[in-house]
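The values are calculated or read from the model by the stated rules, or taken from the named source; none is laboratory data. It should be emphasised that the depicted structure is a prediction, and the values quoted were computed from it without experimental measurement. FYI the Cβ positions are ideal-geometry reconstructions off the backbone, even for glycines, and counts take in every protein chain you see. Heads up: the accessible areas ignore ligands, DNA and RNA and are worked out on the full protein's heavy atoms, side chains in. Shrake-Rupley method; radii C 1.70, N 1.55, O 1.52, S 1.80 Å.
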Amino acid sequence: MRSADADVVTEQSARVRRFAAASRVRGAAQPPSPHAEEFAASYARQATGDHQARWARAMADALAGLPVYRFPEERLVGMIYHLGGGRAVAMPPNWMSELRAAKAECLPENAELVAMGLQMDDAIPGHVTWAWEWVLAQGLNGLMAQYEDACATARDETAAAFYRHVRTAIDGVLRWNARHVAALEEALAIAPAQERAQLEENLAVCRRVPAEPARTFHEALQSFYFQYLAVMRENPHGGNGPGRLDYFLWPYLERDLAAGRCTWQDARELIDELFIRIHERIQYQDGWVETIVVGGCHPDGSCAVNPLSYLMVESIMALDQTHPSVYLRMPEDAPTEFVDLATRYLLHGHNRAQILADRPIVAAMQGYGMPVEDARMYTCGGCMEIVPQGMNSDLLFAATHNVAKVVELTLTGGACLRSGRQLQYGALRPLTEQATFDDCYALFAGELRRQLWNIFRRLDLASEMMAAYRPIYLLSSLTRDCLARGRELQDGGARYHDYGATPLGIPNAGDALYAVQRAVFTEQFCSADELLAALRANFVGYETLQAQLRALPKYGQGHAEADAMTDRVLASVCEIYADYRNRWGGRVKPIIFTFVWAPEAGAVLGATADGQCAGKPIAQGLTPQSAAMTEGLTAAIGSHAALSLEKVAGGASSMWDLDAQWATHDTTRALLSGFLTLGGQIFQGNTTDVRELLRAREHPEDYPHLIVRVGGFSARFVALSPAVQDDIITRYRHRG
C-alpha cells in the first residue's frame, strides 16, 4: 500500500496469511454460543424487579459469561460467534411476538398486503452505527462515571432507571474483559520464550482498554474491537457496523507514527487482523453486511480523506473475504489519488466496491431537516442505508414495499394478475373506469400512500414493542442524546428517531405508467379493455401489442418524458415518506436499493404495461431496467442523474455492471467522475466476465471464492440462490 502523503509501501505479512488461513477454518466450524442460555437463566434467577431491570442484569451476566478465546499469533483479543447456534431455551417476553399480536389487532390490512407480495411482514432492527469513539476517548470507566453522575440528578424515575441499567450493562463488558486479562496472565505464566513478548504486549493493552482511554493506535483498535463485539452481542443484527473507522482511528495512528511508536507495516498488520476477525464471526452469512466507510468530509465540510483511508481499502482488496464491507465516501474536493483508488477498487476489488458522493447525499439529508454538521457525519448502516454516525434509533432498514405491484393493482382494480386475489382494503377501480391518465395516477398515488403508511404505522408499533421488551443499553449509551434525555434508544432517546424503508421497482413502475399514458390516453393505439386483456393473458395472443409497448421510450434512454414519469413516481414516493411523522416526531426515509429481492419482487408481478412478461426481475435500485439499456451508458446515467435524487435522504443506489473487456482504468475513472459530476449518489457494479459466471454456475466447486455485487452488498456467487444468480448473469453489461 502506498500512502497518500508518504513514500511508504506495506504488504500482507506472513503472520497475517497464517492467521487468515486459521481464521477460515475456525469460521467454518463455529462453536455454539452460550449467550441465549445464560441470558435466560440470569433473567429467571431474578425473582424481583421490573422487566427492564431484569433484562439489563441478564444481558450483563450473559456478556460477562461469554467464552474467552485465545488464538495463535493474535495481536487483537476477543471473539464472539454469531452463526454457531446454541441450545434452544425459553426466553423472556419477546418483542416480536408482541408486535405480531399488535399488528393483528391494529393493522388487519397488513396481512393482506404481505400475502399479495407488496411488503415483507417483519420489522428488522439494526443497520446503525454508534459513537464508539467515546470509549476510546474516555474509556468505559469514564462512561460509567458519566452515567453515575447523571443518575444523581435524573429528571424522573424513568431516566434514573435508564442510567442504572446502562451502568449494569457496562459492568458486564468490564467483567468480560477482566476474564480476558486473567486468561492472558495464565498463558503468560507458562508461555515459551518466543511467545512471551506478544503476550506481554496483549496483556498490557487489555489491562488498559477498554476500561481506560486509549493512548496508542494498538490500544485504540483493541478498545474499538472489544466494545464492538459487546454491542454486536447485545444487538446481533446484520447491518450494524463500525462506520467511519478511518476517521476516528487516524489521530491515534498519526501520533504514533510521528513519535516512532508504530510503523506503517504495524498498522497494516493490525487492520488486516481486524478485518479477518470480523469476517470469521459471520463467515458464511454474506448478507449480514457490517460496513466501514472511509474518506468523506469533516463536519465543517473540509476533506477528511487520510492515509488510513487508503490503507484500509488496500487491506480489504488483498483479503479474499466478503466481510467487512469497505466503501468510499467521495468529498467534493476528493484528492486525485483517492479517485484513482476508487477506480482500482471498482476494477480489482472483487466486486466489493461502493462509492458514495458527499455533495448530493448531504444535500438530501439537509432537505429532510438535518443540520449540515450532522449530515456530514453520515455513514452506511449496512448495505447503503444513510445514517449520521451514532445519532439514530435502529429501525433504519426495517421494511420493503413493491411499488411496481401497486401499478398492477391500480390497473386491475385491486386484482392480482398472478393469483387472482382481490384487495379487500383500499378503493381501487380498474383502468376501464378511469377517464384520464391523471385519474389513473391519482388512484395509484392514493393507494401507494395507504400501503406505505400502513408500513410506517407498523414500524411505530415495532418501536414501541422494542422499547418495552428489548431495551438495548450498550448501544443507547453510545447514541447521541440518550444520556441527556435519559431515555433508551427506542424510547425517544436518540437524536433522530428516523425509520428507513425500501421502495422496490420504481423504474418498473415509471415505465409501466408511461406506457399506459401513451398507449391508452395519448396515442390510443389500444383501449383499456384490450390492455387489461393482454396483461391477464401474459401477452399470449397479443404479441403485436406487446411489441408496440416494448417500443415505447423507457427511463434510461435519455427520453425526457419517460424519465419524467419515473421521476414523478419517485417524487410521489418521497412525498409520502416525508409527510409521515412517527411516534417520536421523527421521519421515515426512503432507502432505495434492491438487495436480493429483484427476482423475488418480480416473481409476484404479472405482465406489465411496458411489455414485460410476468415474473421478470425488477430493476436494481434506481438503475434503469436492462430492457431499457438501448442508448448506451451515458444516456442511462444521464437519465438516472436527472431524477430528483435530492429527495432521497436514505440513499439512492444504482448498479452499473461493466463489460470486463471494456472497463479499463481510464474508462472506469471517467465513468465514475461523470457520475459524481452529474449528481449521482451511490455507484456500484460488477466487472466479472459473464462467461466466468456461467462457468461458476456450471462448476461451483471450482469457484468457491468468486465474489459478485448483488445489490447493496457483495456475496460469494456460488452461495446465492439460482434466481439471484440468474439475475446477476442477465443484467445488462455496459460497453460505453
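Observations
- Test result for Ala154, outside any helix (DSSP H, G or I), open to solvent by 10 Å² or more (accessible area, probe 1.4 Å), on the phi < 0 side of the Ramachandran plot and modelled with pLDDT of 95 or more: yes
- Hits in the range 179-221 (condition: more than 17 Å from Gly142 (Cβ to Cβ) and touching a Gly at 6+ places or on another chain (Cβ under 9 Å)): Arg179, His180, Cys206
For every residue, the table says whether it meets (1) over 22 Å from Arg344 (Cα atoms); (2) of a type outside the set (A, V, I, L, M); (3) over 19 Å from the mean Cα position of the chain (by Cα).
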| site | (1), (2), (3) |
| --- | --- |
| Pro624 | yes, yes, yes |
| Asp657 | no, yes, yes |
| Trp662 | no, yes, yes |
| Gly685 | no, yes, no |
| Ala715 | no, no, no |
| Gln725 | yes, yes, yes |
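- Residue count for the range 98-117 satisfying the condition of being open to solvent by 60 Å² or more (accessible area, probe 1.4 Å) and under 25 Å from the mean Cα position of the chain (by Cα): 1.
- Note on the range 357-398: residues that are within 19 Å of Gly679 (Cα to Cα), polar (S, T, N, Q) and in contact with a Ser or Thr (Cβ under 8 Å, 6 or more places away or on another chain) amount to 1.
- Of everything in the range 19-33 that is buried (at least 16 other Cβ atoms within 10 Å of the Cβ) and farther than 25 Å from Asp266 by Cα, the residue that is modelled with the highest pLDDT is Gln30.
One line per residue, one yes/no per condition, for (1) open to solvent by less than 10 Å² (accessible area, probe 1.4 Å); (2) farther than 23 Å from Leu409 by Cβ; (3) part of a helix (DSSP H, G or I); (4) in contact with a helix residue (DSSP H, G or I) (Cβ under 6 Å, 6 or more places away or on another chain):
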residue: Val573; (1), (2), (3), (4): yes, no, yes, no
residue: Ala578; (1), (2), (3), (4): no, yes, yes, no
residue: Gly585; (1), (2), (3), (4): no, yes, no, no
residue: Asp610; (1), (2), (3), (4): yes, no, no, yes
residue: Gly615; (1), (2), (3), (4): no, no, no, yes
residue: Ala627; (1), (2), (3), (4): no, no, yes, no
residue: Thr630; (1), (2), (3), (4): no, yes, no, no
residue: Gly638; (1), (2), (3), (4): no, yes, yes, no
residue: Gly650; (1), (2), (3), (4): yes, yes, no, no
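- Yes/no for Glu692 being open to solvent by 10 Å² or more (accessible area, probe 1.4 Å), free of Cβ contacts under 8 Å to residues at least 60 places away in the same chain, out of contact with any Ser or Thr (no Cβ under 8 Å at 6 or more places or on another chain) and among the charged types (D, E, K, R): yes
- All of Glu157, Glu148, Glu98 fail the test of being farther than 30 Å from Arg450 by Cα and in contact (Cβ under 8 Å) with a residue 12 or more places away in the chain, apart from Glu148.
- The set of residues in the range 704-736 being aromatic (Phe, Trp, Tyr) and open to solvent by 30 Å² or more (accessible area, probe 1.4 Å) consists of Tyr732 alone.
- For beta carbons closer than 6 Å, sequence separation of 6+ or different chains, a first residue in the range 665-679 that is under 16 Å from Thr336 (Cβ atoms) and a second that is part of a helix (DSSP H, G or I) and of a type in the set (A, V, I, L, M, F, W, C), the qualifying pairs are Thr668/Leu346; Thr668/Leu347.
- Within the range 414-467, tally of residues that are open to solvent by 20 Å² or more (accessible area, probe 1.4 Å), aromatic (Phe, Trp, Tyr) and in contact with a Lys or Arg (Cβ under 8 Å, 6 or more places away or on another chain): 1
- Condition check for Phe525: part of a loop (DSSP other than H, G, I, E, B) and either surrounded by fewer than 17 Cβ atoms within 10 Å (Cβ to Cβ) or β-branched (Val, Ile, Thr) (or both): yes
- Residue check for Glu273: under 24 Å from Cys383 (Cα atoms), modelled with pLDDT of 95 or more, in contact with a helix residue (DSSP H, G or I) (Cβ under 7 Å, 6 or more places away or on another chain) and of a type in the set (D, E, K, R): yes
- Criterion (open to solvent by less than 50 Å² (accessible area, probe 1.4 Å) and in contact with a Cys (Cβ under 8 Å, 6 or more places away or on another chain)) met by exactly one of Val68, Val77, Val16: Val77
- Checking each residue in the range 705-730 for being modelled with pLDDT of 95 or more, of a type outside the set (A, V, I, L, M, F, W, C) and not in a helix (DSSP H, G or I) picks out Arg709, Ser714, Arg716, Ser721.
- Residues that are over 15 Å from Ser476 (Cα atoms) and either surrounded by 18 or more Cβ atoms within 10 Å (Cβ to Cβ) or modelled with pLDDT under 95 (or both), drawn from the range 157-170: none
- Residue ID - surrounded by the fewest Cβ atoms within 10 Å (Cβ to Cβ), chosen from residues in the range 469-507 that are in a helix (DSSP H, G or I) and out of contact with any helix residue (DSSP H, G or I) (no Cβ under 7 Å at 6 or more places or on another chain): Ala484
- Here is the figure for the range 31-63: residues that are free of Cβ contacts under 8 Å to residues at least 60 places away in the same chain and under 28 Å from the mean Cα position of the chain (by Cα) total 6.
- Scope the range 587-608; condition assigned to a loop (DSSP other than H, G, I, E, B), in contact with a Phe, Trp or Tyr (Cβ under 8 Å, 6 or more places away or on another chain) and within 19 Å of Glu646 (Cβ to Cβ); matching residues: Arg587, Ile591
- Residues in the range 301-334 that are over 22 Å from Leu253 (Cα atoms) and either modelled with pLDDT under 95 or more than 22 Å from the chain's Cα centre (by Cα) (or both): Gly301, Asp320, Glu332, Asp333.
- Single residue of the range 540-571 satisfying the filter (part of a loop (DSSP other than H, G, I, E, B) and in contact with a Gly (Cβ under 7 Å, 6 or more places away or on another chain)) that is surrounded by the fewest Cβ atoms within 10 Å (Cβ to Cβ): Gly558
- Screening the range 353-404 for strands (runs of 3 or more DSSP E) wholly inside it with 3 or more residues that are open to solvent by 10 Å² or more (accessible area, probe 1.4 Å), of a type in the set (D, E, K, R) and modelled with pLDDT of 95 or more returns no ranges.
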